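K.L.:
Sharing a structure with you now.
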Amino acid sequence: MFGAKKVEAFRRNPGQRYIEFFDELHQRMVFDWYMEIGCRAGRSFAPVRGKTIAVDPFFKAEVDVIGSKPQLLIFQQTSDDFFASGMLEKMGIQISFSFLDGMHLFEYLLRDFMNTEALTNPEGVIALHDCVPFNEKMLTRDLKNLPKGPWTGDVWKLIPILRKYRPDLELTVLNCRPTGLVFVSNLDPANTVLRDNYEAILAEWTSIDLVPYGVGRFYDAFESVDAEAFAAADYPIFSKIRQAPATIRKPTKVTK
Ligand SMILES: C[S@@+](CC[C@H](N)C(=O)[O-])C[C@H]1O[C@@H](n2cnc3c(N)ncnc32)[C@H](O)[C@@H]1O
């Protein structure tokens, strides 16, 4: 029979919204230090209570992003420029937990991941946003024609790329709405495999699209972990880096 090839069904993440998941996580623990790449209105780092680094070339804070944070460093620049500045090395900062939610093109997220891992405590965790898309429109790399709703670009590629090149990393893929949350742990800041293979990875993956790659093949390659069950199990992979919120000194008003 002739006709268009049937597109495999995309799957929707049925879990808790990522922002609610983070609200609860930050109620339960603080980190020395937390870093967020891609912040815009500040909604996802506002609930963070520990020391925080926020990077975005275009901030538009719409909420109280300071709250009780004892230190907040804001860098209004791209993540590539931020890492190239060597600012964290100069300040002697080692990160515990990061949320990477900047430019949604896989080569950017790959660089953000490589640069972040190199500056992270080996017992730390790196969260990647938007790696589990649920329709074809949201996959576009065309920055001039972004979809109205969620846009994931092609950062889904980070899951198969990390699986192939860094089988030593542990990936926990939470079923958070709308577009998943991937936690990467068992980090190795000295590992240079991704850096050494960066050009080869781009040559292999830039022209791959998810539909011809296989939507089912992509989803079937990882276990989708229920976000609320992960929280109910007391956030297993955070055990070595979490600190009790009571360790944070609350700001006090010194003049009227
Ligand atoms: C989806 S928004 C972040 C939303 C936020 N994390 C939240 O959940 O509320 C993506 C942000 O990435 C920023 N961005 C785009 N390119 C970037 C780059 N090269 N480096 C860092 N951030 C970038 C955009 O300015 C935008 O504010």
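The values are calculated or read from the model by the stated rules, or taken from the named source; none is laboratory data. Computed from a predicted model, the values in this text were never measured in an experiment. So basically every Cβ, Gly included, is an ideal-geometry build from the backbone, and we count neighbours across all protein chains shown.
K.L.:
Across segment 130-159, what is the total count of residues that are closer than 17 Å to residue 202 by Cβ and either over 17 Å from the mean Cα position of the chain (by Cα) or not small (Gly, Ala, Ser) (or both)? Full working, then the answer.
P.N.:
At the first step, the residues of segment 130-159 found to be closer than 17 Å to residue 202 by Cβ are 141, 153-159.
Restricting the remaining residues to those that are either over 17 Å from the mean Cα position of the chain (by Cα) or not small (Gly, Ala, Ser) (or both) gives 141, 154-159.
So the answer is 7.
K.L.:
Follow-up question, since we're still on this one. If only one of 99, 82 is buried (at least 20 other Cβ atoms within 10 Å of the Cβ) and touching a helix residue (DSSP H, G or I) at 6+ places or on another chain (Cβ under 8 Å), which one is it?
P.N.:
99
K.L.:
Does at least one position in segment 108-117 carry a residue that is touching a helix residue (DSSP H, G or I) at 6+ places or on another chain (Cβ under 7 Å) and among the basic types (Lys, Arg)?
P.N.:
Yes: one or more hits.
K.L.:
Quick check on segment 4-25. Is at least one of its residues within 8 Å of the ligand (Cβ to nearest atom), charged (D, E, K, R) and not in a strand (DSSP E or B)?
P.N.:
No.
K.L.:
In addition: Within segment 144-157, does at least one residue satisfy the condition of being touching a helix residue (DSSP H, G or I) at 6+ places or on another chain (Cβ under 8 Å), under 21 Å from residue 212 (Cβ atoms), surrounded by fewer than 17 Cβ atoms within 10 Å (Cβ to Cβ) and not aromatic (Phe, Trp, Tyr)?
P.N.:
yes
K.L.:
Kindly provide the set of residues from segment 100-137 that are farther than 16 Å from residue 182 by Cβ and more than 12 Å from the ligand (Cβ to nearest atom), ordered by number.
P.N.:
Scanning segment 100-137 gives 118, 119, 121, 122, 123, 135, 136, 137.
K.L.:
Go through (1) part of a loop (DSSP other than H, G, I, E, B); (2) away from the ligand (no atom under 15 Å from the Cβ); (3) over 25 Å from residue 186 (Cβ atoms) one by one and return the number of the condition residue 50 breaks.
P.N.:
Every listed condition holds for residue 50 apart from (3).
K.L.:
Looking at segment 211-221, is at least one residue over 30 Å from residue 23 (Cβ atoms), small (Gly, Ala, Ser) and touching a residue at least 24 places away in the same chain (Cβ under 8 Å)?
P.N.:
Yes.
K.L.:
Find the residue count for segment 72-86, including only residues that are away from the ligand (no atom under 14 Å from the Cβ) and in a helix (DSSP H, G or I).
P.N.:
Going through segment 72-86 one residue at a time, the tally reaches 0.
K.L.:
How do the pairs read when you match residues in segment 51-75 that are more than 19 Å from residue 19 (Cα to Cα) with residues anywhere that are outside any loop (DSSP other than H, G, I, E, B), using Cβ under 6 Å and keeping only pairs 6 or more apart or on different chains?
P.N.:
72/52; 73/53; 74/54; 75/55; 75/82
K.L.:
Also, quick follow-up: Among the residues of segment 232-253, which ones are polar (S, T, N, Q) and modelled with pLDDT under 95?
P.N.:
Correct list: 247, 252.
K.L.:
Moving on. Report whether or not residue 90 is under 23 Å from residue 224 (Cα atoms) and free of Cβ contacts under 8 Å to residues at least 24 places away in the same chain. Break it down stepwise before answering.
P.N.:
Values: under 23 Å from residue 224 (Cα atoms): no; free of Cβ contacts under 8 Å to residues at least 24 places away in the same chain: yes.
So residue 90 fails the test.
K.L.:
In segment 204-235, which residues are among the charged types (D, E, K, R) and not in a helix (DSSP H, G or I)?
P.N.:
Filtering segment 204-235 down to residues among the charged types (D, E, K, R) leaves 204, 209, 217, 220, 223, 226, 228, 234.
Scanning segment 204-235 gives 209, 223, 226, 234.
K.L.:
Right, another one. Could you say whether any residue in segment 165-179 is aliphatic (A, V, I, L, M), touching a residue at least 24 places away in the same chain (Cβ under 8 Å), on the phi < 0 side of the Ramachandran plot and surrounded by fewer than 18 Cβ atoms within 10 Å (Cβ to Cβ)? Talk me through it step by step, then tell me what you get.
P.N.:
Taking segment 165-179 first, the residues aliphatic (A, V, I, L, M) are 169, 171, 173-174.
Next cut, touching a residue at least 24 places away in the same chain (Cβ under 8 Å) only: 171, 173-174.
Retained after the next criterion (residues that are on the phi < 0 side of the Ramachandran plot): 171, 173-174.
From what is left, the residues that are surrounded by fewer than 18 Cβ atoms within 10 Å (Cβ to Cβ) are none.
The answer is no; no qualifying residue exists.
Matching residues to (1) under 30 Å from residue 26 (Cα atoms); (2) within 16 Å of the ligand (Cβ to nearest atom); (3) not hydroxyl-bearing (Ser, Thr, Tyr):
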residue	(1), (2), (3)
143	no, yes, yes
155	yes, yes, yes
179	yes, yes, no
218	no, no, yes
227	yes, yes, yes
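K.L.:
Moving to a separate point now. Are there any pairs with C-beta distances below 8 angstrom linking a residue in segment 19-40 that is without any contact (Cβ under 8 Å) to a residue 40 or more places away in the chain to a residue that is away from the ligand (no atom under 15 Å from the Cβ), with the two at least 6 apart or on different chains, and if so which?
P.N.:
26/49
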